[in-house]
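First up is the structure itself, then whatever we jot down about it.
The values are calculated or read from the model by the stated rules, or taken from the named source; none is laboratory data. Values in this document were obtained by computation on a predicted structure and should not be read as measured data. Counting neighbours? That spans all protein chains shown, and the Cβs are built from the backbone with ideal geometry, glycine included. For the accessible areas, the whole protein counts, side chains as well, though only heavy atoms, and no ligand, DNA or RNA atoms are used. Shrake-Rupley method; radii C 1.70, N 1.55, O 1.52, S 1.80 Å.
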Amino acid sequence: DAGVIQSPRHEVTEMGQEVTLRCKPISGHDYLFWYRQTMMRGLELLIYFNNNVPIDDSGMPEDRFSAKMPNASFSTLKIQPSEPRDSAVYFCASSSDRGTLNTEAFFGQGTRLTVV
Amino acid sequence: AQSVTQLGSHVSVSEGALVLLRCNYSSSVPPYLFWYVQYPNQGLQLLLKYTSAATLVKGINDFEAEFKKSETSFHLTKPSAHMSDAAEYFCAVRRTSGSARQLTFGSGTQLTVLP
């Protein structure tokens, strides 16, 4: 498997524009996580899905953020409208429960978002 | 709620010296614990994980960590630092209550290895 694939790797956009980040999890994994990393706040969990269903979105900062998982192999994180304070690295990760809780999450390379 | 605290946001060691990165967890039940490493402009990579099978866990690149319930700690060590170990290290805990499955990360420790 190629691992968790995120696109684009870098995104520069103007304030007010819509931004869509994409993620392809590892095949067979039933959990998908979206994290945001900034210098000030570190790694924050935004939302996670289990079997394509959003389980906990309490980390989504505002209504400008939305995430979907239409099928087991694809998820999007959308920001509309984008603001400069959204600039960060966004990571997608996936994992498999396999009946235990100690299975690690595998991370993608991240999308570096810059909003100017 | 489960959480982890990493003591020391920056640690510097000389090449060949012992590496010790500290992590303490907060949990009302035995947690599942992980150490991840992040190299510049990369995603997070698993170093090792505590599975409750053994308190001393060995990971990649000669890293190891010991789970100490009495101290609620899961410190990461390596006997001899290499220049290539320079990176940011994250301790993480996985929730075991209810149906929650997310990893909660500490604030990270930046390791610098001096020649």
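Among residues belonging to segment B:98-112 that are modelled with pLDDT of 95 or more and open to solvent by 10 Å² or more (accessible area, probe 1.4 Å), point out the one that is farthest from the other protein chains (Cβ to nearest Cβ). Filtering first and then ranking leaves B:Thr112.
Strands (runs of 3 or more DSSP E) fully within segment A:1-44 that include at least 3 residues being open to solvent by 20 Å² or more (accessible area, probe 1.4 Å) and not hydroxyl-bearing (Ser, Thr, Tyr): A:10-13.
If you go through segment A:65-93 and pick out every residue that is assigned to a strand (DSSP E or B), more than 13 Å from A:Leu113 (Cα to Cα) and not aromatic (Phe, Trp, Tyr), you end up with 10.
No other residue among B:Ala54, B:Ala81, B:Ala92, B:Ala65 is in contact (Cβ under 8 Å) with a residue 24 or more places away in the chain and part of a loop (DSSP other than H, G, I, E, B) apart from B:Ala81. A:Glu62 falls short on exactly one of the conditions (1) surrounded by 12 or more Cβ atoms within 10 Å (Cβ to Cβ); (2) at negative phi, and that condition is (1). If the condition is being within 17 Å of A:Gln80 (Cα to Cα) and open to solvent by 30 Å² or more (accessible area, probe 1.4 Å), then segment A:45-57 contributes only A:Asp57.
Residue-wise test of (1) on the phi > 0 side of the Ramachandran plot; (2) touching a residue at least 40 places away in the same chain (Cβ under 8 Å); (3) surrounded by 14 or more Cβ atoms within 10 Å (Cβ to Cβ).
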{"position": "B:Ser9", "(1), (2), (3)": "no, yes, no"}
{"position": "B:Val13", "(1), (2), (3)": "no, yes, yes"}
{"position": "B:Pro31", "(1), (2), (3)": "no, yes, yes"}
{"position": "B:Lys49", "(1), (2), (3)": "no, no, yes"}
{"position": "B:Ser73", "(1), (2), (3)": "no, yes, yes"}
